[in-house]
Amino acid sequence: MRLHATTLIYLAFHPTYVKRGDWVFSVAGHHPSSYKTARSVYDFSQRALPLVLSSAMKFISQLLPALVAVSGLAQASAVVPRTDDGFFPEFVDALNKHNLTILADNYQRIADTPAGKSIVDTLENNELTILATKDCAFENKDTNIDPRVIQYNTLWGSIDKGFKTTTHTRRGADTQSRSVAQSTFKRSSAPNRKRQDQAGNFQSQVIDKLTSNRRKRWNDETILVDLPVGTAKVVDRFSLKNIIVLIIDTALSLPGKVSDLLCKPLIKSAPNGLTKFGEALKKVGLSDLVDTKDAITIFAPIDESLDKIDELSDDNLASLLKNHFFFGQIVYSPLFLKVCKATAQSGKELEFLYENSIHYVSCGKSRAMVLRSDVIPSNGVLHVIDRPLKCD
């Protein structure tokens, strides 16, 4: 007769049976047997019990450490941060550690949206420089950051390698460099193409870096982000894998239209903006064109140089104004030496020069000095000049 070990253990501790006539039934509900048979089973169980218990204890002793280990892993997984979640949690954690909690919250808020997934993918797979606004710079502003602003503040390439664009450097006791860095935000006016976007279709940020030749540490550099009015200063930085994060003291916004910029104090000597040039564009119906058509380079004269503009007929005024802009190529100041020439909307040829640390644009006998370069509208670049281009 073969009995399972659990049966033997039970019989050893429960030698009590219910008798009915000549048959005896075990309390455990096993098949009936005679009393003699049951007695034999009991005696056998008493002899086998030490062996059964020994085997059972050996099995339990082997199983118990594994159960303890599994229990420990289960508890640890509840309290120890996961390390296999990929790049994004590590990135957000780094932002929080540097007190960029508002920016970190916004990344998390948009992470599962189509735009957010694209942003996270770009972060993980490219060499980038991020302009990160510190928390206190938001003040009373809305802390929900538009995903497009996050893209605009994310620049292709490393600032330490000059980004991926032309960098213009002026050397002396101090070295000053200007980089026009392409952001990951595509200009709204740029053409939509199914094939991969060209670098020239992305909006730009202007980064100025001043370094003393006597200094070698990065924190002895002054790094400024050029804004239409004022600048944002880099106050700290850190790196994470392929990304450099520059912490800035001012919240940035998306670029405005050309007509909006002409109303701002782009230079100190023009606190009311370049209103005469802006009004002249509206008068002859060119304002919408310069606001909406993509890839514009426009030169805006200061008001003092346009005193006699009201004496011109609309046709002559339109012809004069068309000398000041062209489309299809965005010529930032670092490109003046490379591009050299372009054809204005009027059909006249413009020439770009850089002499004695000053940028110039000329047309015919007219030569204007650039008072301020690289103001960024939504569709290209604007340069402020000291006189109109008559092209005579």
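Coordinate-derived values only; no laboratory data. This is a predicted model, so every value here is computed, not measured. In this analysis, Cβ positions are derived from the backbone assuming ideal geometry, glycine residues included, and neighbour counts consider all displayed protein chains.
Couple of notes before you dig in:
- On the basis of the beta-carbon distance and an R0 of 41 Å, Lys390 and Arg109 show a calculated FRET efficiency of 0.20.
- The listed peptides 155-161, 205-211, 321-327, ordered by packing as a protection proxy, come out as 321-327, 205-211, 155-161 (highest mean of other Cβ atoms within 10 Å first).
- Prolate/oblate/rounded label for segment 258-385 (Cα gyration tensor, a/c 1.5): rounded
- Cα-based shape type of segment 295-335, given that a ≥ b ≥ c are square roots of the gyration tensor eigenvalues and the cut on a/c is 1.5: oblate
- Global geometry of segment 98-145, whether rounded, prolate or oblate, following the gyration tensor of its Cα atoms and the 1.5 cut on a/c: oblate
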